[in-house]
Amino acid sequence: MTAGYPRPALELDIRGKRGEEVTGLVDGYLNDASLANLGEVRIIHGGATGTLRRVVRDYLKTHRW
């Protein structure tokens, strides 16, 4: 990451978010993590209905990083 920008957290907590807003959040987070050379990150999605888990997994299957 370029000097002056904060290093992204090692975790992204998306619990309570709506499925349609999650992919944008995850994409931005993964891009920031990649620029910061983070080798591993965690996405916390909760577990109530499994909707967010499904959305995130489907998205990660196609994400370039």
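Open to solvent by 70 Å² or more (accessible area, probe 1.4 Å) and assigned to a helix (DSSP H, G or I): is that true of residue 17 in this structure? Let's see the steps before the verdict.
Working: open to solvent by 70 Å² or more (accessible area, probe 1.4 Å): yes; assigned to a helix (DSSP H, G or I): no.
No.
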(request) All but one of (1) at pLDDT below 90; (2) open to solvent by less than 50 Å² (accessible area, probe 1.4 Å) hold for residue 64, so report the exception by its number. (result) (2)
(message) Give all pairs with beta carbons closer than 6 Å in which a residue from the stretch 41-65 that is in contact (Cβ under 8 Å) with a residue 40 or more places away in the chain meets a residue that is surrounded by 14 or more Cβ atoms within 10 Å (Cβ to Cβ) and assigned to a loop (DSSP other than H, G, I, E, B); count only pairs at least 6 apart in sequence or on separate chains.
(response) 56/45
(request) State which residue is farthest from residue 14 (Cα to Cα) when the search covers only the stretch 40-61 and only residues that are modelled with pLDDT of 90 or more, outside any helix (DSSP H, G or I) and not β-branched (Val, Ile, Thr). (result) 40
(request) Looking only at the stretch 20-45, count how many residues are within 12 Å of residue 65 (Cβ to Cβ), in contact with a Leu (Cβ under 7 Å, 6 or more places away or on another chain) and open to solvent by 70 Å² or more (accessible area, probe 1.4 Å). (result) 0
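The values are calculated or read from the model by the stated rules, or taken from the named source; none is laboratory data. Computed from a predicted structure; not experimentally measured. Don't worry about glycine lacking a Cβ; one is built from the backbone with ideal geometry, like all the others, and counts go over all protein chains shown. Note: areas computed on protein heavy atoms with side chains; ligands, DNA, RNA excluded. Shrake-Rupley method; radii C 1.70, N 1.55, O 1.52, S 1.80 Å.
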